[in-house]
Amino acid sequence: MNPVASRRPGFLFEIFERPSTAEARIDEAGGQRYVLVTEPARDGGKVVTGRKGIGVFVIRTRGRPAHAGGDPDKGRNAVVAMAEIVLAINGLNDPRRGITTNVGLIAGGTARNTVAEECMIEVDLRFCDPANASEMEAKLKALKSSRPDIETTVTGEITRPPFVRRRGIDLLFDKAATIAKEIGFNLKRAPRVGGGSDGNFTVAMGIPTLDGLGVDGDGAHTNHEYMLFSSIKPRTRLLQGLMEQLE
């Protein structure tokens with residue numbers, strides 16, 4: 001077993017996610033009939049059969065530095081210009097269509113008493129429909145400050161397509177649910193998940209993929225993230241049953 005995946009004919013089992021090996025895992029998935037992803041379970045042990053797509057963007061504003069007390073009018077504040085853009089990004093949220101935008105990082109300026117010359121933000125985009133990807137990418141890349149003498153640059157791209165539930169995924173879930181029942185628990189689907197995984201790539205490749213097969217718990221990406229010890233054995237037996245019974 002290598003650190004990326006365990007492979008047998010027609011089957012790929014993802015061990016863990018590491019961005020630097022994404023291309024290797026995608027190559028490994030080529031030609032496989034099934035993919036099982038051991039991301040954590042959701043909401044009491046539910047598996048994942050749908051995820052949003054992801055886009056990652058960096059926006060920079062560049063103005064003109066000046067002494068904030070002595071010559072403020074000579075400066076062009078990149079932080080103030082970016083504040084307008086941040087509000088515009090927040091306005092792109094569209095819950096009805098499952099589109100979310102988030103400014104998660106911001107940095108700028110050089111000193112308290114200096115009109116900020118530069119500012120930078122990192123933007124996270126999530127979307128459900130593949131048709132929304134190019135639309136939202138275009139909107140983000142068109143953002144700029146309305147203030148004079150401010151240069152705005154936007155870089156980034158769609159990094160993961162959406163994980164769209166299809167018939168092959170339903171059949172794979174049905175097999176998993178049957179195995180779970182034999183073990184002694186009812187397996188359910190989680191609602192569409194906002195976070196992404198390598199399953200986004202394999203679904204886009206047309207490979208039936210079942211995600212969220214890892215242990216149950218809560219608090220992802222927080223200081224109180226935890227896993228339930230009681231979920232280790234049944235989830236392990238579920239994976240064992242899938243690897244034994246999938247053809």
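The values are calculated or read from the model by the stated rules, or taken from the named source; none is laboratory data. No experiment lies behind these values; they were computed from the predicted model shown. Note that we place each Cβ from the backbone using ideal geometry, even for glycine, and neighbour counts take in every protein chain shown.
For E135, state whether it is part of a helix (DSSP H, G or I) and farther than 30 Å from A88 by Cβ. No, not satisfied. For the condition over 25 Å from Q245 (Cβ atoms), in a helix (DSSP H, G or I) and modelled with pLDDT of 95 or more, A83 qualifies. Would you point out which residue out of G70, G44, G104, G31 is outside the structural domain of T209 (by TED's automatic domain parsing), assigned to a loop (DSSP other than H, G, I, E, B) and among the small types (G, A, S)? Answer to the selection: G70. The requirement of being of a type in the set (K, R), surrounded by fewer than 16 Cβ atoms within 10 Å (Cβ to Cβ) and in contact (Cβ under 8 Å) with a residue 12 or more places away in the chain is fulfilled nowhere in the range 113-132; no residue meets it. The residues on offer are I99, I59, and the sole one that is hydrophobic (A, V, I, L, M, F, W, C), touching a strand residue (DSSP E or B) at 6+ places or on another chain (Cβ under 8 Å) and either more than 30 Å from P208 (Cα to Cα) or in the same structural domain as M227 (by TED's automatic domain parsing) (or both) is I59.
One residue stands out among those in the range 203-225 that are touching a Lys or Arg at 6+ places or on another chain (Cβ under 8 Å) and among the charged types (D, E, K, R): the one that is surrounded by the most Cβ atoms within 10 Å (Cβ to Cβ), which is D211.
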